[in-house]
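One structure below.
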Amino acid sequence: MTYTQMSMAEIRVLLDDKQLSSRELTEAYLRRIEKIEPRLHAYIKVTPEQALADADAADSRRAAGQCLSAIDGVPMALKDIFCSEGVVTTCASKILYNYQPPYDATCWAKLKAGGAVLLGKCNMDEFAMGSSTENSAYGVTHNPFDPDYVPGGSSGGSAAAVAADLAAYTLGTDTGGSVRQPAHFCGVVGIKPTYGRISRYGIIPYASSLDQAGVLAKSCYDAATVLEIASGQDRMDSTSAPQPVGAYREACGRSVAGMRIGVPREFCGEGVQSAILDELWAAVDKLRAQGAAVEEVSLPHTPYALPVYYVLACAEASSNLARYDGVRYGLREAADNVYDMFAASRSAGFGAEVKRRIMLGTYALSSGYYDAYYNKTLQVRTLIKQDYDRVFADGFDALLTPPAPSQAFRLGEKVDDPLTMYLQDVCTVPVNLAGLPAIVVPVALHQGLPLGLQLIGAPFAEEKLFTAGSAIESARLVPSGL
């Protein structure tokens, strides 16, 4: 086994025992990136100079008997939606061409303070709008298990980088499934914590009431390690939560005996690939064998979640993306007057999917339609949240569901059919609407492509998710042919 194939927990042992230096490890990742990246395109920008400088600083600390955290000296990558001081951050859009933030996103600042080694910025769907990483202005990302297939989206580059051993772990964002669906497609662990668990400060916004940072890693334990460090209240984000951060690592490997797991019938009906349902029922058997009680439950308003999500998310995107006008930063197109400059800059800077969602959102917020669309979605969102509140109040510890209706699909297969593409989010968007934590863990390969399962928890019940997730996660699924 090479260093880049190891889990972060395994790497940490070698670093602490001085059997491996952070520089040696970082050089191994950079060699791997140089070899694989031309075929995969998981990164928008690689930062070798910064990575080696970070690694040397970590080695100096260890030589002096110091270690900042469990991630000190471990190479990682950021989705290109996190502001990183001095490193170009584009959100995979031409509108932010060559933008260099003057500050760090809070969650990245926490990881940096813990000694993280930054390898670069990962590719994504433009402004996190997509389910396949085919909407990037800087090219598509390929699935590490089969380059003819998508890695999922919008955090497809982040998931592919972990699966292909191009980073030990990555940060992504999840507005409607953008961490969990790529984790399912790429055979890695992906967790979206409770809304407010990780600060949103410095994350370029898509839909502010739904956006949340998440972690992609090779195991539940690795994801738990990173989440402990990245989480916590932040005075720069008024929506960040004051609840203390849980002992997520300790939760991994605990017994599930006595836990109650619900299987929502609305997630397991027609349209879900049979292979995924087979793995779900196999996981039910596995949980029961370990002492958990598994029962069917109902979330009756689930069928409304997808239309609610796309009205609400697009409305918030219409508002959030109004700031990109060519005046202060990013792309500016020349014109005879300021109004034409606005129009020209936005027309040239935004891709087709971003324009589609801006127009949908603007329509939903327009006079005469605001009450019929936007206000109605807020009312139904409350009903969806109440479904989950009721189930968790009844004593369930977690809910087990498919993460998506299918495994990874072929590149180009759905790109011209946005409604079919939007259906990829049907299993994940209810979680964001309710502000809940959820984790996807890999369980099997089917026809050479990964399958995962999703566990959903009550607010701030991430520890229970790590316990149940580690009970059903399979040994790491390894891509072939890379």
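On a full-extension model of 0.36 nm per residue, what is the gain between Q447 and D16, subtracting their alpha-carbon distance, rounded to one decimal in nm?
Separation in residues times 0.36 nm, less the Cα-Cα distance, equals 151.2 nm.
What FRET efficiency do you get for D389 and A53 if R0 is 45 Å and r is their Cβ-Cβ distance, rounded to the nearest 0.05?
The value I calculate is 0.40.
May I ask for the percentage of alpha-carbon pairs in region 274-373 that lie more than 25 Å from each other? Provide the component values of the computation, followed by the final result.
Details: 2470 of 4950 pairs.
Of the Cα pairs, 50 percent sit more than 25 Å apart.
Please state, as a whole number in µm²/s, the translational diffusion coefficient that the Stokes-Einstein equation yields for region 323-379 at 20 °C and 1.002 mPa s, with Rh defined as the Kirkwood radius across alpha carbon pairs.
For the chosen part, D equals 166 µm²/s.
Once you have a ≥ b ≥ c as the square roots of the Cα gyration tensor eigenvalues for region 204-316, tell me rounded if a/c is under 1.5, and otherwise prolate or oblate according to whether a/b is larger than b/c.
Numbers: a/c = 2.17, a/b = 1.16, b/c = 1.87.
It comes out oblate by the Cα gyration axes.
When the chain is fully extended, how far beyond the present Cα-Cα distance does S474 get from A352, taking 0.36 nm per residue of separation?
Stretched out fully, the S474 to A352 stretch lengthens by 40.1 nm.
How much of the pair distance distribution for region 399-482 lies past 15 Å, counting alpha-carbon pairs only, in percent?
Value for region 399-482 (Cα pairs over 15 Å): 64 percent.
So, in nm, how far is label M359 from label A257 when the simple model puts each one 7 Å beyond its Cα toward the Cβ?
6.0 nm
At a threshold of 8 angstrom on Cα-Cα distance, excluding pairs fewer than six apart, so keeping six or more, what relative contact order does region 125-205 reach in percent?
Averaging sequence separation for qualifying contacts and normalising by length gives 25 percent for region 125-205.
Tell me, what ³J(HN,Hα) does each residue in region 141-156 have, in order and in whole Hz, if you take phi through Karplus 6.51 cos²θ - 1.76 cosθ + 1.60 with θ = phi - 60° and put x for Gly and Pro?
9, 9, 6, x, 7, 7, x, 7, 10, 7, x, x, x, 7, 8, x
Where does the Debye-calculated log10 I(q)/I(0) of region 1-72 sit at q = 0.16, 0.25, 0.26 Å⁻¹, using only Cα point scatterers of equal weight, no solvent?
Evaluating at q = 0.16, 0.25, 0.26 Å⁻¹ gives log10 I(q)/I(0) of -0.59, -1.21, -1.26.
If you average the C-alpha positions of region 115-137 and of region 390-419 separately, how far apart do those two centres end up, in angstrom?
First find each Cα centre; the distance between them is then 20 Å.
Considering only C-alpha atoms, what is the centroid distance from region 74-97 to region 315-332, in Å?
17 Å
For the pair E295 and D340, what calculated FRET efficiency results from E = 1/(1 + (r/R0)^6), where r is the Cβ-Cβ distance and R0 = 51 Å, to the nearest 0.05?
0.25
Return the carbon/sulfur percentage of the accessible area of the chain, one whole number, probe 1.4 Å, all protein chains in place.
The C+S portion of the solvent-accessible surface of the chain is 52 percent.
Evaluated at 20 °C with a viscosity of 1.002 mPa s, what Stokes-Einstein diffusion coefficient in µm²/s does the chain have when Rh comes from the Kirkwood expression over alpha-carbon pairs?
Diffusion coefficient, whole number: 97 µm²/s.
Quick check on region 365-404: take the gyration tensor over C-alpha atoms, sort the square-rooted eigenvalues as a ≥ b ≥ c, and tell me if it's rounded (a/c under 1.5), prolate or oblate.
Details: a/c = 6.94, a/b = 2.37, b/c = 2.93.
Oblate shape, in that a/c is at least 1.5 and b/c is the bigger or equal ratio.
Per the helix-only calculation at 222 nm, which mean residue ellipticity applies to the chain, given -39500 (n - 2.57) for every DSSP H run of n ≥ 4 and division by its residues, nearest 500 deg cm²/dmol?
Taken over the chain, the calculation gives -11500 deg cm²/dmol.
Sort 158-169, 345-356, 428-439, 385-396 by the packing proxy (mean of other Cβ within 10 Å over each peptide's residues), most packed first.
Order by mean packing, descending: 158-169, 428-439, 345-356, 385-396.
For the chain, what does the accessible surface come to per residue with a 1.4 Å probe? Please give it in Å².
36 Å²
Output the Kirkwood hydrodynamic radius of region 28-167, Cα pairs only, in Å rounded to one decimal.
In region 28-167 this quantity evaluates to 15.2 Å.
When a/c reaches 1.5 or more, the comparison of a/b and b/c decides; with that in mind, is region 266-331 rounded, prolate or oblate per its Cα gyration tensor? Spell out each step's value before the answer.
Values: a/c = 3.45, a/b = 2.67, b/c = 1.29.
Prolate.
As an exercise, identify the GluC sites (Glu not before Pro) in region 1-90 lying in DSSP coil whose Cβ has no more than 16 other Cβ atoms within 10 Å.
Passing sites in region 1-90 are E85.
Normalised by the number of residues in region 80-233, what is the relative contact order in percent for Cα pairs under 8 Å and 6+ residues apart?
Numbers: 373 pairs, mean separation 32.7, N = 154.
Reported relative contact order: 21 percent.
In percent, how large is the relative contact order of region 324-482, given Cα pairs closer than 8 Å and 6 or more residues apart?
Result for region 324-482 is 17 percent.
In the P(r) worked out for region 61-117, what percent of Cα pairs fall beyond 17 Å?
When all Cα pairs of region 61-117 are counted, 45 percent exceed 17 Å.
Between Q233 and A322, what is the label-point separation in nm under the 7 Å Cα-to-beta-carbon projection?
In this crude spin-label approximation the distance works out to 3.1 nm.
The values are calculated or read from the model by the stated rules, or taken from the named source; none is laboratory data. Everything numeric here is computed off the predicted structure, so don't read it as measured data. With ideal geometry, Cβ positions are generated from the backbone for all residues, glycine too; neighbour counts draw on all protein chains shown. Side chains are part of the model used for accessible areas, which takes the heavy atoms of the whole protein and leaves out ligands, DNA and RNA. Shrake-Rupley method; radii C 1.70, N 1.55, O 1.52, S 1.80 Å.
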